[in-house]
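Right, one structure below, let's go through it.
The values are calculated or read from the model by the stated rules, or taken from the named source; none is laboratory data. Just so you know, these numbers come straight off a predicted model, no measurement behind them. Methodologically, a virtual Cβ is constructed for each residue, glycine included, from the backbone with ideal geometry; neighbour enumeration extends over all protein chains shown.
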Amino acid sequence: MLLENRLVERRSIIRLVEENFRDHFPSDQELPGLEFFPLGEDSWSYRCGPLWISVRRDLDGHFPGAYEVSLLLSESGKGYVLAPLPGRNGRVVHRIADFPVVVFPYVESATTPPAPPTQEQIDLLIARLGEVHAFEPPASRPVDVPTEDFRFPFENDLDKAVQAALNGDAAAGGPYAGLLAERVDRCQGFLAELREEATRVAGECAARWRGERPALTHGDPSLANVLFTKGVDIIDWGGAMWAPPERDWAALQRVFGTAPRSRPEFLRFYELRWHLAEIAEYATRFTGPHTGDADDDAMWERLTRYLPEPRGAS
């Protein structure tokens, strides 16, 4: 996010560091101040000396087990998995003002604009994701990670946002409400076709996947979540899920234009799921109270990519 979350006080973050991560600082040193980084679309990011603090904004739900399994991956020898640090209380996920908070070692390359990867680096990323897909958590340390069910958790939100926009219920919500109503009205046919196809493809995938061993997937191995530096390191495991491997391969296809040979219907399912989830997120934001700040501007620009004007529209 580009702006700080006003519900999360900096002193609360400092208190969390003091209580759970004090041993990452020299005992005779006062804790440094927080530095806010306007990065990412699903979190508020801060640096505190050697620590990177992520206040989560997980719209599809937050699953602590996703971060716990990334720690197991790292401990199993997969050093390319940048996992969170457990706190003094043993937890990897904490809460401030009802927001999940996860703390990592600070990695400078994660805060600098990424350079396009080489084909060799993409091949290495594919190999490492393949290793993750085959991972089995030890029986002594079970983790609660979601399993793909080929449903759309955002579907009710999308319905409500579309109806609110069409009915004019959001007109007083903020500066983008009127623009949203116009855009949704002109794109009704496009959106209906997209949702109809998504329902059909989801049914095909659910039938074909029944009985198949699930893979542990990251979900969004994009330029924001993969560090192409000396090697290839993968960050932000909050969306980890047991799913077909195409969940990751579809992301690679979307972001890098290449992926391992995959089943077309599964690739299409995850492409449609991503597309509709983005529309649901941004439409929901603009049917509620908003001010037209920098985050709103950025989200409107993204919405227009996923909900484009019909051809011939003036």
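Have a look at A202, A172 and point out the one that is assigned by TED's automatic domain parsing to the domain that holds G238 and in contact with a Phe, Trp or Tyr (Cβ under 9 Å, 6 or more places away or on another chain).
A202 is the lone residue from the list that is assigned by TED's automatic domain parsing to the domain that holds G238 and in contact with a Phe, Trp or Tyr (Cβ under 9 Å, 6 or more places away or on another chain).
Write out, first by first residue and then by second, each pair whose Cβ atoms fall under 8 Å of each other, whose residues are 6+ apart or on separate chains, and whose first residue, in the stretch 78-105, is charged (D, E, K, R) while the second is crowded, with 18+ Cβ neighbours inside 10 Å and in a loop (DSSP other than H, G, I, E, B).
As it stands, the answer is R88/F21, since those pairs meet every condition given.
Within the stretch 201-232, take every residue that is among the small types (G, A, S) and touching a strand residue (DSSP E or B) at 6+ places or on another chain (Cβ under 7 Å) and give me the one that is nearest to S54 (Cα to Cα).
Among residues in the stretch 201-232 that are among the small types (G, A, S) and touching a strand residue (DSSP E or B) at 6+ places or on another chain (Cβ under 7 Å), the one nearest to S54 (Cα to Cα) is G219.
Among the residues of the stretch 44-63, is there at least one that is surrounded by 18 or more Cβ atoms within 10 Å (Cβ to Cβ) and within 20 Å of P138 (Cβ to Cβ)?
Yes, the stretch 44-63 contains a residue that is surrounded by 18 or more Cβ atoms within 10 Å (Cβ to Cβ) and within 20 Å of P138 (Cβ to Cβ).
Any residue that is of a type in the set (K, R), outside the structural domain of P245 (by TED's automatic domain parsing) and at negative phi - is there at least one of those in the stretch 95-110?
yes
Determine whether Y67 is crowded, with 17+ Cβ neighbours inside 10 Å, aromatic (F, W, Y) and at pLDDT 95 or above.
It is false that Y67 is crowded, with 17+ Cβ neighbours inside 10 Å, aromatic (F, W, Y) and at pLDDT 95 or above.
Would you mention how many residues in the stretch 96-120 are surrounded by 14 or more Cβ atoms within 10 Å (Cβ to Cβ) and either assigned to a strand (DSSP E or B) or modelled with pLDDT of 95 or more (or both)?
Selection size over the stretch 96-120: 7.
For the stretch 130-140, indicate whether the set of residues that are touching a residue at least 60 places away in the same chain (Cβ under 8 Å), of a type outside the set (S, T, N, Q), exposed (fewer than 12 other Cβ atoms within 10 Å of the Cβ) and closer than 22 Å to V55 by Cβ is non-empty.
Scanning the stretch 130-140, I find no residue that is touching a residue at least 60 places away in the same chain (Cβ under 8 Å), of a type outside the set (S, T, N, Q), exposed (fewer than 12 other Cβ atoms within 10 Å of the Cβ) and closer than 22 Å to V55 by Cβ, so the answer is no.
Which of the numbered conditions does L252 fail, given that it passes all the others? Conditions: (1) farther than 23 Å from P117 by Cα; (2) touching a helix residue (DSSP H, G or I) at 6+ places or on another chain (Cβ under 9 Å).
Result: L252 fails condition (1) only.
How about the stretch 179-281: which strands (runs of 3 or more DSSP E) wholly inside it have at least 3 residues that are crowded, with 17+ Cβ neighbours inside 10 Å and touching a residue at least 12 places away in the same chain (Cβ under 8 Å)?
The qualifying strands (runs of 3 or more DSSP E) are 215-217, 226-228, 232-234.
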